[in-house]
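Working notes, structure below.
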Amino acid sequence: MSTELQVSHVADFYRRYPGEAVILYTRVDVPRSLPSLTVHVALPAGLEPEGARVLSGEEVAASLETLPEAGDRQFTWKIERELPAGARCEFQVRARVAPTARDVTLKSRARAVCQACECVAEETVTIAVSARGRYLAYLPALYHDDEFLARFLMLFESFWAPIERQIDHLSFYLDPKLTPPDFLPWLASWLDLTLDERWPEEKQRQMMCAAVPLYRKRGTKRGLQEYLELYTGVKPQIVERRAQNFNRRVIESIIEAEKPAHTDYTLHLEIER
């Protein structure tokens, strides 16, 4: 990885079926100023390009060319002006998975180059393509070679995939550290806890994580101390003073009832100021 360039290259989905769309996102960070920049996003033969655009940064048109090796296609953006330190450029490439009779693994590479500085940075993303739907595995072997049925079941698998992902990631919604911000009040209601909307999101998450331990210490000096420290970020000093509303006669009656027989006592009370 070049110290002058940093490349991030990701896909919206990493498991696809033939005919489904894939969107690739590329981000280039420039820690130090550069006189120019060229960005390449290569698509393997199994991905059919549908378009490309700039999401942020210099608005330049993308050119599409076919690479001599293996018939790969490549989008190229050329920025011919100086980029200041801290600049960021983001690009998007849309493609569609080509038909295939077998499971394949497709690799797309993003590459950022500055010829003047001789610095290069690149990153590769991998997409697994399944030729047949997973739902065929739940049917008798008689149906496994039915091409129409395989594609028909892929439709339902695509429809239900978002729901399955939500179910698979259900534990994330129940984790105060990972749940979306909109779910925090709902999750807090499970603990009979009302979150103050004026609190920053991070403080609300910390409160959710500490709610059960704080409930155990509710009404105590330590519990109040931890609650205030959670909100303010500093440990408060709480000074407790003993109550002065006791009755001397009541104290004497308690001592008389509980002291050993045939003993005497002297009661001395000292009140802190």
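The values are calculated or read from the model by the stated rules, or taken from the named source; none is laboratory data. Computed from a prediction, not measured in an experiment: that's the story for all the values here. Glycine gets a Cβ as well: all are built from the backbone with ideal geometry, and neighbour counts include every protein chain shown.
Reported count of residues in segment 127-175, each being within 33 Å of the chain's Cα centre (by Cα) and assigned to a loop (DSSP other than H, G, I, E, B), is 7. Looking across segment 214-235, the residues that are under 17 Å from L195 (Cα atoms) and touching a helix residue (DSSP H, G or I) at 6+ places or on another chain (Cβ under 8 Å) come down to L214, E226, Y227, L230, Y231. The set of residues from segment 183-207 being closer than 17 Å to L228 by Cβ and either outside the structural domain of G233 (by TED's automatic domain parsing) or surrounded by 13 or more Cβ atoms within 10 Å (Cβ to Cβ) (or both) comprises L193, L195, W199, K203, Q204, Q206, M207. Selection of segment 146-182 for residues being within 28 Å of Q206 (Cβ to Cβ), surrounded by 12 or more Cβ atoms within 10 Å (Cβ to Cβ) and not aliphatic (A, V, I, L, M) yields F172, Y173, D175, P176, T179.
Note on segment 208-234: residues that are among the polar types (S, T, N, Q), modelled with pLDDT of 85 or more and surrounded by fewer than 14 Cβ atoms within 10 Å (Cβ to Cβ) amount to 1.
Looking only at segment 103-130, residues that are under 30 Å from H144 (Cβ atoms) and buried (at least 17 other Cβ atoms within 10 Å of the Cβ) come to 5 in all.
Out of all the residues in segment 235-254, which are closer than 30 Å to P176 by Cβ and either within 33 Å of the chain's Cα centre (by Cα) or surrounded by 11 or more Cβ atoms within 10 Å (Cβ to Cβ) (or both)? Those that are closer than 30 Å to P176 by Cβ and either within 33 Å of the chain's Cα centre (by Cα) or surrounded by 11 or more Cβ atoms within 10 Å (Cβ to Cβ) (or both): K235, P236.
Each residue in segment 52-76 was checked for being over 33 Å from the mean Cα position of the chain (by Cα) and charged (D, E, K, R), and 2 of them qualify.
Results for (1) touching a residue at least 12 places away in the same chain (Cβ under 8 Å); (2) in contact with a His (Cβ under 6 Å, 6 or more places away or on another chain); (3) assigned by TED's automatic domain parsing to the domain that holds G51; (4) more than 21 Å from V54 (Cβ to Cβ), shown as yes or no for each residue.
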residue: T66; (1), (2), (3), (4): no, no, yes, yes
residue: V93; (1), (2), (3), (4): yes, no, yes, no
residue: A110; (1), (2), (3), (4): yes, yes, yes, no
residue: C117; (1), (2), (3), (4): yes, no, yes, yes
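I'd like the residue in segment 57-85 that is closer than 19 Å to D29 by Cβ and at pLDDT below 85 and, out of all such residues, is surrounded by the fewest Cβ atoms within 10 Å (Cβ to Cβ). That would be E59.
Can you tell me how many residues in segment 169-200 are acidic (D, E) and within 18 Å of P213 (Cβ to Cβ)?
The initial filter retains those residues of segment 169-200 that are acidic (D, E), namely 175, 182, 192, 196-197.
Narrowing the set further to residues that are within 18 Å of P213 (Cβ to Cβ) leaves 175, 192.
Of the residues in segment 169-200, 2 are acidic (D, E) and within 18 Å of P213 (Cβ to Cβ).
So that you can scan it fast, the table gives a plain yes or no per residue for (1) over 26 Å from E118 (Cβ atoms); (2) out of contact with any helix residue (DSSP H, G or I) (no Cβ under 7 Å at 6 or more places or on another chain); (3) in a loop (DSSP other than H, G, I, E, B):
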| residue | (1), (2), (3) |
| --- | --- |
| H40 | no, yes, no |
| A45 | yes, yes, yes |
| E50 | yes, yes, no |
| V60 | no, yes, yes |
| W77 | no, yes, no |
| R81 | no, yes, yes |
| R88 | no, yes, no |
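In segment 148-168, the residues that are not assigned by TED's automatic domain parsing to the domain that holds A98 form Cβ pairs under 9 Å with partners that are of a type in the set (A, V, I, L, M, F, W, C) and in a helix (DSSP H, G or I), at six or more places apart or across chains, as follows: L149/L136; A150/L136; L153/L136.
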